[in-house]
1. Quick one: which residues, 5+ away or cross-chain, put their amide H under 5 Å from the amide H of residue 34? H built at 1.01 Å from N.
2. Treating only the Cβ of Lys, Arg, Asp and Glu as charged (+1, +1, -1, -1), what charge dipole size does the range 191-344 show about its Cα centre? Round to the nearest 20 debye.
3. Distances over 25 Å make up what percent of all Cα-Cα pairs in the range 195-313?
4. Shape of the chain from its Cα gyration tensor (a ≥ b ≥ c, root eigenvalues): rounded if a/c is under 1.5, otherwise prolate when a/b > b/c, or oblate?
5. Multiply the residue gap between residue 177 and residue 265 by 0.36 nm, knock off their C-alpha separation, and tell me the result in nm, one decimal place.
6. Using θ = phi - 60° and the Karplus curve 6.51 cos²θ - 1.76 cosθ + 1.60, what whole-Hz ³J(HN,Hα) does each residue of the range 47-54 get, with Gly and Pro shown as x?
7. Please sort by residue number the trypsin sites (Lys or Arg not before Pro) in the range 9-103 whose DSSP state is loop and whose Cβ has at most 16 other Cβ atoms within 10 Å.
8. Hey, any idea what Rg/Rh is for the range 3-109, computing Rh the Kirkwood way over Cα pairs?
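What follows is calculated from the coordinates using simple rules that are stated; it is not laboratory data. No experiment lies behind these values; they were computed from the predicted model shown. Quick reminder, even Gly has a Cβ in these numbers, built from the backbone with ideal geometry, and neighbours come from all protein chains shown.
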Amino acid sequence: MNIEKRIRDKLNDHEFTNQINGVFTSPLIPIMSSLTCLKHTNKSSIWRFNYEQDETKKTMIIKIYLSATKNRNRVELEMLTKASDSLKPFMAEVYFVEANEDEVWVFMEYVEQLRGQIKTTPELFAHIIPTIAKLHAKTLETNKNAPPTIPRYDSKKLVHERMKDIEKTKKFLGKAMKHHELKKIVKPHDSKMQTILAKGPHFFPELLASPFSLIHGDLHFQNICCHNVADFPNWTIRFIDWETAKIAPGWFDMAVLVEILIDFRKDWHERAEEIRTHSVQLYTKEMKKYGIIFQTDPLKLYKMAYLQRTLEKGIYTHLRRELAGREGKLLQRYLEKVALWGNELQLY
């Protein structure tokens with residue numbers, strides 16, 4: 001039986017309707033013609049449908065985890081089932097969860113991605129970063145608002161995974177040096193990269209000494225949502241897709257949100273220093289409101305988080321793409337920034 005038919009049968013099932021209506025203050029009526037598949041992979045299937053409630057049309061998401069035992073699914077399920085109440089200001093509301101041996105069905109609030117609603121400009125960071133700082137402050141290790149089963153960045157398991165990824169990076173650099181086109185990009189940086197990678201998997205003790213909080217781990221604009229964009233600047237920000245969540249230095253979220261987007265946006269490169277400096281200052285100011293003061297220069301911590309992520313994941317990912325015949329858009333920029341900031345931060 002295909003998934004769409006199973007969803008339709010579920011929404012038409014009287015017993016299920018009674019169960020989910022028990023969550024709401026008044027009954028809802030699904031509009032079957034609105035059922036739409038947003039994404040389907042071997043891990044999960046995401047669907048959207050409209051429903052009527054009190055003569056008002058609303059929207060709901062159904063996310064079906066097809067193999068709930070896989071690690072990435074496990075982390076997000078932990079977030080959705082154990083953190084949705086304590087972290088309600090940062091997540092889509094979870095209405096109902098139904099689990100069996102093979103699958104987990106999660107019915108949750110629909111929140112629209114920022115991407116597509118509004119033009120992406122550096123000025124938007126000023127309206128997103130305060131919510132990120134609030135999340136990090138609320139889940140600081142001492143506050144314990146994150147589920148205890150969320151993995152820690154410095155755990156033996158994640159350290160081992162990073163060591164394996166760094167070894168893969170070394171291997172792929174070797175393959176790139178034998179590749180006619182890639183060699184032109186890699187050769188000017190190969191010696192520095194080998195020197196730096198030999199120091200891994202942790203390149204900056206100062207970063208590991210900075211405060212650990214719950215981080216989202218993949219804060220690209222498609223994972224940042226807002227249902228009241230028209231009410232600018234008083235946005236209500238929500239984050240979705242928590243599968244890479246972990247307990248780690250909050251600077252990793254900042255590096256992904258700001259610096260990775262700068263990397264992709266060539267039209268922002270001339271303003272890069274201004275954008276990152278303003279963003280780091282704002283995050284530092286917001287964290288200070290919650291009594292969190294960084295002992296190391298915040299801009300250095302930001303650059304350290306970016307380099308750490310790039311060395312353990314970014315270069316490996318883009319080398320793999322290139323060697324598979326796909327475009328690794330950021331490979332050259334990653335190598336150049338590792339050389340520049342690596343020298344500045346005394347990695348070589």
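1. So residue 34 has HN proximity to 50.
2. Roughly 260 debye for the range 191-344.
3. 27
4. prolate
5. 28.9 nm
6. Along the range 47-54, the couplings run 10, 10, 8, 8, 8, 9, 8, 6 Hz.
7. Loop-located and lightly packed - 43, 70.
8. Checking Rg against Rh, the ratio lands at 0.95.
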